[in-house]
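In what follows, a single structure is set out as structure tokens and then discussed.
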Amino acid sequence: KKAIVTATDINPVAIEYLHLNSHANNLPFQIFQADVFGYIPPTTFDIIAINPPYYKKKPATRSDYAWYCGENGEYFHKLFSQLSGYIHAESVVLMVLCDGCDIAMIENYAAQYQFAMQQLLTKHNLVETNYIYRITKTA
């Protein structure tokens with residue numbers, strides 16, 4: 001209620017549905033088709049929720065970007081290298097990961113840019129275990 005919301009996705013189909021959802025629910029928000037923070041004007045956010053692509057493989061098709069973060073986790077390098085420009089001291093940054101991804105690699109990218117990851121929640125389902133991490137600035 002009365003929140004200023006910004007939504008992003010690299011997939012144009014997801015962007016189309018963000019627009020439809022916004023209009024259907026009469027909830028205006030800014031929508032950007034972008035990878036990580038690309039095209040988002042410089043600003044800081046109170047809350048950032050990230051559902052990243054986390055499997056290590058180079059995306060070959062547009063739909064692959066929903067699942068694959070690059071052979072060496074390039075998505076996470078980009079994310080953590082840009083994140084400081086979009087947060088303030090009280091920002092809450094949350095990220096969803098699963099047991100099938102390289103969490104150690106992601107934590108290493110976070111540490112490289114002075115971020116720490118704290119696991120807040122674990123949920124098991126029939127296929128995988130999901131985690132919610134809080135990301136905080138360490139320096």
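Over the chain, what is the relative contact order in whole percent, taking alpha-carbon pairs under 8 Å and six or more residues apart? The partial results should precede the final answer.
On the way: 224 pairs, mean separation 27.0, N = 139.
Taking the mean separation of contacting Cα pairs over the length of the chain, I get 19 percent.
Across the chain, where is the longest run that never hits trypsin sites (Lys or Arg not before Pro) in a DSSP loop with at most 14 other C-beta atoms within 10 Å?
Numbers: sites that count: Lys1, Lys2, Lys57.
Value returned for the longest uninterrupted segment is 58-139.
Return the long-range amide H neighbours of Val92 (sequence gap of 5 or more, or a different chain), with a cut-off of under 5 Å between placed amide H atoms.
HN-HN under 5 Å from Val92: Ile47, Ile48.
Using a 1.4 Å probe over the heavy atoms of the protein chains, calculate the carbon and sulfur portion of the accessible area of the chain as a whole percent. Show your work: numbers first, answer last.
Details: 4790 of 8890 Å².
On the chain, the fraction of accessible area on carbon and sulfur atoms equals 54 percent.
Just to be sure I understand the model, the point goes 7 Å from the Cα along the line to the Cβ. What's the resulting Asp46 to Phe29 distance in nm?
1.4 nm
Top to bottom by accessible area (1.4 Å), largest first, where do Val92, Val5, Val127, Val36 land?
Details: Val92 40, Val5 65, Val127 130, Val36 15 Å².
Putting Val92, Val5, Val127, Val36 in descending order of accessible area: Val127, Val5, Val92, Val36.
Of [x] 259; [y] 88; [z] 129, which one was derived for volume of the Cα convex hull per residue in Å³ from the structure shown?
Derived directly from the coordinates: [z].
Assuming a strict under-19 Å limit between Cα atoms, what lysine pair count do you get for the chain once near-sequence pairs (fewer than 8 apart, same chain) are dropped? Show your work: numbers first, answer last.
Details: Lys56/Lys78; Lys57/Lys78; Lys58/Lys78; Lys78/Lys137.
Lysine pairs satisfying the spacing and distance rule in the chain number 4.
Only bridges whose two residues both fall in the chain count here: according to DSSP, what percent of them are antiparallel, nearest 5?
On the way: 15 of 25 bridges.
About 60 percent, rounded to the nearest 5.
Using amide H atoms built in the peptide plane, which far-off residues or other-chain residues are under 5 Å from Ala7 H to H?
Here the answer is Gln30, Ile31, Phe32, since their amide H atoms fall under 5 Å of that of Ala7.
Quick one: how many Å² of Leu94 are accessible to a 1.4 Å probe, rounded to 10?
60 Å²
Using a 1.4 Å probe, what is the accessible area per residue for the chain, in Å²? Please list the in-between numbers first.
Numbers: 8890 Å² over 139 residues.
Per residue, the chain has an accessible area of 64 Å².
For n ≥ 4 DSSP H runs only, could you compute -39500 (n - 2.57) per run for the chain, divide by its residues and tell me the 222 nm figure to the nearest 500?
On the way: 3 runs with 33 residues, N = 139.
Taken over the chain, the calculation gives -7000 deg cm²/dmol.
The values are calculated or read from the model by the stated rules, or taken from the named source; none is laboratory data. Note that the structure is predicted; figures quoted are calculated from it, not measured. Ideal geometry is used to build each Cβ from the backbone, glycine not excepted, and the neighbour counts take in all protein chains shown. For the accessible areas, the whole protein counts, side chains as well, though only heavy atoms, and no ligand, DNA or RNA atoms are used. Shrake-Rupley method; radii C 1.70, N 1.55, O 1.52, S 1.80 Å.
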